[in-house]
Amino acid sequence: MTRSVVSKPPYVLYDGGFDRLNHPKFDIMPLIQLTPEIKYLPSVENPLSSDVVFIKPAGSETTWIFDTGTSGEAAQLINQIEGKKNIVISHFHPDHILNLLKVKYDKLYVTKYTKKYTRGGEIVESEETFPDGVKLYTIPSSHSKGALVLEYKDYAFLGDATYCHFRLSAREYNVQLLEQMIKKLEDIAAPNFCLSHDTSFVQPKEAVLRIYKKILARRTAGNPTINVNDFFNEDGGVKESEDSLGNNAKVKL
Ligand SMILES: [Zn+2]
């Protein structure tokens, strides 16, 4: 089933990238406002394009952009933003980084592993907190190497970091990485976790932690991985009977 963005309130009309009003070309963009400082363009499945988050801390001249997506709409939105633009890339997968080729920006923040693909950007190794309150840090992830989190006030943007790894037809978690990820998630101060591609982009921290602890509880002695194939239907959607929080994404990411 294709997700309909029309069902996701509250909508705000595109405002020209926080600062400009009523740009005729973009007045129907389905940007969703989380707070007056945080908006996002929801992910789409065809072509696969990640959620793109725009954060403009009050009083700051800089807009932080978390992931660039691949869609023309996302690239247009990023290019329409005025003032300084800092882009943060959650991880190296193409649906999160491809628009880097099409957009202009001032600074780019990546992990060492992601830089192999972006070829540029400042590497984030330990936690960095910027004067406007934006925090960047890495997180252990079964889904991809070099995952980066952006935290701002009550929201932590996790990209695909919490998702499983796809090995041929197997969907699995690495036990060690899952344990480390859960520890890191527990330490995050923000009460809301934002998971890319998920039909519910924003989810309560505690609910997200519950599902990953439930997955970790499936580990068996001597097996370094946990298979979660039975969480999913043939089409990649999560089975109704499963607690789908955090694994709701319907597509192979
Ligand atoms: Zn991914």
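The values are calculated or read from the model by the stated rules, or taken from the named source; none is laboratory data. From a predicted model like this one, the values you see are computed outputs, not experimental measurements. Cβ coordinates were reconstructed from backbone atoms using ideal geometry, including for glycine residues, and neighbour counts include every protein chain displayed.
Structure notes:
- Flag: residue 236 does not match the condition of being within 16 Å of the ligand (Cβ to nearest atom), at positive phi and either crowded, with 19+ Cβ neighbours inside 10 Å or modelled with pLDDT of 85 or more (or both).
- Pick from region 52-62, criterion crowded, with 24+ Cβ neighbours inside 10 Å and out of contact with any helix residue (DSSP H, G or I) (no Cβ under 9 Å at 6 or more places or on another chain), ranking: farthest from residue 102 (Cα to Cα): 55
- The residues in region 141-172 that are over 15 Å from residue 93 (Cα atoms), in contact with a helix residue (DSSP H, G or I) (Cβ under 7 Å, 6 or more places away or on another chain) and within 14 Å of the ligand (Cβ to nearest atom) can be counted, and the count is 1.
- Residue tally, condition crowded, with 23+ Cβ neighbours inside 10 Å, within 15 Å of the ligand (Cβ to nearest atom) and more than 13 Å from residue 198 (Cβ to Cβ), over region 31-50: 1
- Unique match (being more than 25 Å from residue 134 (Cβ to Cβ) and either under 12 Å from the mean Cα position of the chain (by Cα) or modelled with pLDDT of 95 or more (or both)) among 159, 222: 222
- Single unsatisfied condition, residue 201 versus (1) more than 21 Å from residue 50 (Cα to Cα); (2) within 16 Å of the ligand (Cβ to nearest atom): (1)
- The set of residues from region 131-147 being within 18 Å of residue 38 (Cα to Cα) and assigned to a strand (DSSP E or B) comprises 135, 136.
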